[in-house]
Amino acid sequence: MRTSAEFVEILENYLKEKKISRRQFCALVDIPNSTISSWKAKNVLPSIELVAKVAKFMNVSLDWLVYGEQYENATDFNNDENPCSRKNILYRIEIVLRQNNEDYDYDIESLHKKYLSNIVDYEVLLNWVNGKVNLPENVLPELANKLKVSLQWLLTKDEYHQEDFDAHIYGLAKSYPGLLKGYDCLEEEDQKFIDNYITSKLELRQLKREKEMKQQ
């Protein structure tokens, strides 16, 4: 079990990251302003009701907040080499989300809010990747359906069956005929330039995502 000092440190780091003052936090969760200081000074954890409020506010589980317990597949196997890891599942969500929108918004958090927030909050998804919370069983299937990919591919990166793959490509071609025709009309050198540019942008986003994960 975490000590009261560890509990307060986790909360304070979260508030600092979100640029929320103690006073604002206390007002939002309806607790006295002196409460956080008393938790640390008296070396006691708050009541379960208050812990539940904090966990809900931070979008994390009670188990993680109180005991530091992480969920399965969120530690040893949660790496870039494992295609089934939570990190790679999130990466595939981000890639398809960017490919499927036409507003040229490259900020993944804002894209998520536009297209996926009715399924799961972005912060909850990040906390799930880091083992701080578990997702309801319906979330990943609904995300796959919204992104128009198979659940098998989203979870494991297994390739589509040929008929599924052909249907997906056909669907993309119908959705973006202008882009497809424009690309096809370019000289080979220009096509290579675009291919290299897209590859470099994806690699840059991957590096940025890994950096963000390490900072959490």
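Side notes on the structure shown:
- Global form of the stretch 19-135, assessed from the alpha-carbon gyration tensor, a/c cut-off 1.5: oblate
- Overall dimensions of the chain by Cα: Rg and Dmax, Å: 21.3, 71
- Projecting the Cα atoms of L154, N13, Q206 onto the charge dipole of the chain (Cβ charges, centred on the Cα centre) puts N13 farthest toward the positive pole.
- Along the axis of the charge dipole computed for the chain (Cβ charges of +1 for Lys and Arg, -1 for Asp and Glu, origin at the Cα centre), the listed residues S38, Q70, N130 are led at the positive end by S38.
- Axial C-alpha extent at least 18 Å, average Kyte-Doolittle at least -1.0 - helices from the chain (DSSP): 4-18, 86-100, 162-175
- Low-density loop cleavage sites - trypsin sites (Lys or Arg not before Pro) in the stretch 1-66, where at most 15 other Cβ are within 10 Å (DSSP): R2, K19
- Relative contact order computed over the stretch 1-47 (Cα-Cα under 8 Å; 6+ residues apart), in percent: 52
- Rg to Rh quotient for the stretch 1-54, alpha carbon positions, Kirkwood Rh: 0.92
- Applying a DSSP loop filter and a limit of 15 other Cβ atoms within 10 Å to the GluC sites (Glu not before Pro) in the stretch 1-96 leaves E69, E72, E81.
- Debye, to nearest 20: dipole size of the stretch 1-97, +1 on Lys, Arg Cβ, -1 on Asp, Glu Cβ: 560
- Each label point was placed 7 Å from the Cα along the Cα-to-Cβ direction; for E9 and I95 their separation is 3.7 nm.
- Proxy reagent accessibility, fewest Cβ within 10 Å first, across L62, L179: L179, L62
Each value in this text was obtained by applying a stated rule to the coordinates, not by laboratory testing. Remember, it's a predicted structure, so these values are computed and weren't measured experimentally. With ideal geometry, Cβ positions are generated from the backbone for all residues, glycine too; neighbour counts draw on all protein chains shown.
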